[in-house]
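Please treat every number below as a calculation from the coordinates, not as lab data. Here the structure is a predicted model, which means the values were calculated and not measured. Here Cβ is always computed from backbone atoms with ideal geometry, including for glycine, and neighbour counts include all displayed protein chains.
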Amino acid sequence: MKAAAAIASPATGLPAAALTGEGIVVEFPIATGWRAVVRGASISLARGEITALVGETGSGKTMTALALIGLLPPTARRRAGRITLGRDDISRLGSQAMSRIRGRRISMVFQDPMTALNPVLTIGFQVEEPMRAHLGLDSRLAHARARELLDQLGMPDVDRTLRRYPHELSGGMRQRALIALALACDPEVLLADEPTTALDVTVQAQILELLREQVDRRGLAVLLVTHDLGVAAQVADRIEVMYGGTIVEGGPVEQMLRRPNHPYTRGLVGCVPRVDTRLRPLPTLPGSVQGVWDIAAGCRFAPRCASAIDICRIREPDLRAVEPAHESACWVYAGPPSESRG
Amino acid sequence: MTATVEVSDLVVEYRYRSGPLGVNAGSVRAVDGVSFDIAPGRTLGLVGESGSGKTSVARAILGIAPIAAGRILLRGRDVSTATGSERRQIRRDAQMVFQQPTTSLDPRMTIGSTIAEPLVHLLGMRGRALATRVSELLHLVGLEAEYATRRPRQLSGGQRQRVAIARAIATSPSLVVCDEPTSSLDVSVQAQIINLLVRLQSELGLTYLFISHDLGTIRQIADTIAVLHLGRIVEAGAVDKVLGAPADDYTRTLLAAVPSIDRIRVPRAAIAPVVSA
């Protein structure tokens, strides 16, 4: 595991992954102590790739993303884990040092651009600000780059848009502005948390297309947090599925959707309503995620799993390779525990 | 058989005032000449993006949006001209399930009193009969009777939506308007709620107007579909026909934009490079 970040690509001498998080634990205070909402998640983002982090409400996907960029809410704490950006270990950096990296080498786009953008500043000011702060560009240069960026992102009437305030733009335009802001300093890594969930489908399609174009053009590494498997299918290279605070399966998008291994992934893929066929009744996943945090031992999905056997309720499975670059944590489908382990 | 709902040439307009002392007054036409009907026990899927007017159509049917022109008949009764007792009858006969169960349920009320409210106010039920009906409704939506004493915050999103559905069917309406009832729910719960709505329809003979921007969900539940764009219906018909072979450009755009897990992106590296001779 530790070696992952050190493997360098022979051609460039750069590490193969733009960002790796290993064994990330995020905890929140509860009456009786601390509760871990992310329980040792590891994720690796490759250059020029979009990795979709998929999961339902409360699976820990947003907290994982926030931990990677050092933006956890003040009550939360990250207890363990190593985060490597390029060659640099950023897991021990203080808030000052992190803010020098954030926006320059690693950026984030949020779900709701209306709350992420400052309502009293113009779009131009906000897109130019990180370039002045991080790159020391003067306003003329920053302005020219902001124009170029918004133009690349398909913003109509760029000059006028730069002088406008967030409330004067539509949802899709605001999300473009937010992406421009995030890409202003040409970062290595972009984290996007449900960036298109608040948008209409036709606008969503445009934004996803733009995101893909930027990834291909800049070799950007993207973590796309989403609950929508359709969105993942459309733009991602890899899918990581999160449940109960850990990653239960991860692999190339096609394998994950056509040959899911973990019963939770199978369930999720099966219950998505399709446009081309009507199923009566629709396949469902029984139960809900409620109570997942009260499970003390074993696989967190076991209470909802039709394939669960005795061991599932006693020991939590690790991720095991089931196909090349495809791992799953399931005693039943990914292999029984070996005696030498754990 | 007469249709449960008949909408003809419906126009919904909202008046606004802006500027100092409201000097700029005018009106916005949200629905511009919409006609459709829904046969008893059937589901019409109303599809469109934000601003298409789909919610305004729903609100007009329930008598809570300004009808500027056109006519809406609910089991033969004219919604736009209804007064007094007729209006009460319409309230009993047409109910709504909203998108956000978190905001559509009163956090201070128990689940039991939430479901009892329409029974008390619209049917005048009380005492033993009321309690029996409430537990019967909970059972219908797949919740145990003890949920009656709980409050919304003790329930999951899917359970809350079940409560909202129980409240909507409490007065035995003929029409239930479902406004994006599954879009705030997790994928695994969405399918449960769709199955519940389908089961209730066949058991109780309900007619649904199902509003959604999710064509996959519409495909599962609707018999007919109407695609709204800028306040007008651009295409309507049987759901398999419209989604299988759309005739209108906008419907095609919409269909192409819907992310599908069956349309997996072909990675760049997998596309064989063109070798020039």
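In whole Å and largest first, what semi-axes does the C-alpha gyration tensor of region A:50-92 yield when each eigenvalue is scaled by 5 and square-rooted? Please report the intermediate quantities before stating the final value.
Details: eigenvalues 75, 47, 12 Å².
For region A:50-92, the ellipsoid semi-axes come out as 19, 15, 8 Å.
Other chains near B:180-189: what is the mean number of their Cβ atoms within 10 Å of each residue's Cβ? Walk me through the intermediate numbers first.
On the way: counts 0, 0, 1, 1, 1, 4, 11, 16, 15, 8.
Whole-number average of other-chain Cβ neighbours for B:180-189 is 6.
Calculate the translational D of the protein assembly as shown in whole µm² s⁻¹ from Stokes-Einstein, where the hydrodynamic radius comes from the Kirkwood formula applied to all Cα pairs, the temperature is 10 °C and the viscosity 1.306 mPa s.
Values: Rh = 26.7 Å.
In µm²/s, the coefficient is 60.
Please find the FRET efficiency linking B:Arg87 to A:Ala31, where r is the Cβ-Cβ separation and R0 is fixed at 60 Å, and quote it to the nearest 0.05.
Plugging the Cβ-Cβ distance into 1/(1 + (r/R0)^6) gives 0.75.
Which one of A:Leu208, A:Leu71, A:Leu121 has the biggest mean-square fluctuation once chain A is modelled by GNM with Cα springs under 10 Å?
Top of the fluctuation ranking is A:Leu121.
Running a GNM on chain A with Cα contacts under 10 Å, which residue among A:Ser99, A:Ser328, A:Ser107 ends up with the highest mean-square fluctuation?
In the Gaussian network model the winner is A:Ser99.
Post the alpha-carbon centroid distance, region A:50-111 to region B:8-63, in whole angstrom.
Rounded to whole Å, the Cα centres lie 44 Å apart.
To the nearest whole percent, what portion of all C-alpha pairs in region A:39-119 is separated by more than 23 angstrom?
Value for region A:39-119 (Cα pairs over 23 Å): 23 percent.
Over region B:41-164, calculate the relative contact order: mean separation of alpha carbon pairs under 8 Å at least 6 apart, over the residue count, as a percent.
22 percent
Using a 10 Å cut-off around each Cβ, can you sort A:Trp331, A:Trp293 from fewest to most neighbouring Cβ atoms?
A:Trp293, A:Trp331
Across region B:252-257, in residue order, what do the Karplus-derived ³J(HN,Hα) couplings come to in whole Hz, using 6.51 cos²θ - 1.76 cosθ + 1.60 with θ = phi - 60° and x for Gly and Pro?
Rounded to whole hertz, the list is 5, 4, 4, 4, 5, 7.
Quick check: pseudo-label points 7 Å beyond the Cα along Cα→Cβ at A:Tyr165 and B:Leu21, how many nm apart are they?
About 2.5 nm separates the two model spin labels.
Short version: ³J(HN,Hα) in whole Hz for each residue of region A:197-211, in order, from phi by Karplus 6.51 cos²θ - 1.76 cosθ + 1.60 (θ = phi - 60°), x for Gly and Pro, what are they?
Values, residue by residue: 4, 7, 9, 5, 4, 5, 6, 4, 4, 5, 5, 5, 4, 4, 4 Hz.
Ranked from highest to lowest mean number of other Cβ atoms within 10 Å per residue, what is the order of the peptides B:235-248, B:201-214? Working shown, then result.
Values: B:235-248: 16.9, B:201-214: 19.9.
So the peptides B:235-248, B:201-214, ranked by packing, come out B:201-214, B:235-248.
Give me the number: length gained by fully extending B:Leu204 to B:Val266, i.e. 0.36 nm times residue separation minus the C-alpha to C-alpha distance, one decimal in nm.
Value of the extension gain: 17.7 nm.
Rounded, prolate or oblate: which one fits region B:120-225, using the alpha carbon gyration tensor with axes a ≥ b ≥ c (rounded when a/c is under 1.5, else prolate when a/b beats b/c, else oblate)?
In terms of gyration-tensor shape, oblate.
Connecting C-alpha atoms closer than 10 Å in a GNM of chain B, tell me which of B:Ala191, B:Ala116, B:Ala166 has the biggest fluctuation.
B:Ala191
Apply the Karplus parameterisation 6.51 cos²θ - 1.76 cosθ + 1.60, with θ equal to phi minus 60°, to every residue of region A:158-169 and state each ³J(HN,Hα) to the nearest whole Hz, in sequence, with x for glycine and proline.
Listing the rounded values in order: 4, 4, 6, 4, 4, 8, 8, 9, x, 5, 8, 10 Hz.
For chain B, just say rounded, prolate or oblate: build the C-alpha gyration tensor, square-root its eigenvalues into a ≥ b ≥ c, call rounded for a/c under 1.5, and beyond that prolate if a/b exceeds b/c, oblate if not.
Verdict is oblate for chain B.
Rounded to the nearest 10 degrees, what's the angle between the helix A:171-183 long axis and the longest principal axis of chain A, both from Cα atoms, 0 to 90?
Roughly 90 degrees between the two axes.
Need one value for B:207-219: mean number of C-beta atoms belonging to other chains within 10 Å of its residues' C-beta atoms. If you can, show how the numbers build up before the last one.
Working: counts 0, 0, 0, 0, 0, 1, 3, 5, 5, 8, 4, 2, 7.
Whole-number average of other-chain Cβ neighbours for B:207-219 is 3.
Please arrange B:His139, A:His262 by how many other C-beta atoms lie within 10 Å of their C-beta, fewest to most.
Values: B:His139 12, A:His262 29.
By the 10 Å Cβ count, ascending, the order reads B:His139, A:His262.
Rounding to the nearest 10 and keeping the result within 0 to 90°, find how far the Cα-based axis of helix B:111-123 lies from the longest principal axis of chain B.
Long axis of B:111-123 versus the principal axis of chain B: about 70 degrees.
Does region A:93-205 classify as rounded, prolate or oblate by the C-alpha gyration tensor (a ≥ b ≥ c root eigenvalues; a/c under 1.5 gives rounded; else a/b over b/c gives prolate, otherwise oblate)?
Cα axes put region A:93-205 in the oblate bin.
Counting only other chains, and only Cβ atoms inside 10 Å, what mean value do you get across the residues of A:244-257?
1
Per q in 0.14, 0.20, 0.24 Å⁻¹, report the Debye log10 I(q)/I(0) for region B:1-93, using one uniform scatterer on each alpha carbon and no solvent.
Log10 of I(q)/I(0), two decimals: -0.55, -0.98, -1.25.
Pairing the Cα long axis of helix B:157-169 with the longest principal axis of chain B, what angle in degrees results, from 0 to 90 and rounded to the nearest 10?
Its long axis makes an angle of about 60 degrees.
In which sequence would A:Cys312, B:Cys178 go, from the one with the fewest C-beta neighbours within 10 Å to the one with the most?
A:Cys312, B:Cys178
Using R₀ = 51 Å, calculate the FRET efficiency as 1/(1 + (r/R₀)^6) where r is the Cβ-Cβ separation of B:Val28 and A:Asp88; round to 0.05.
0.40
At a Förster distance of 25 Å, what's the computed FRET efficiency of B:Thr132 paired with B:Arg153, Cβ-Cβ distance as r, to 0.05?
Step by step, r from the Cβ atoms, then E = 0.40.
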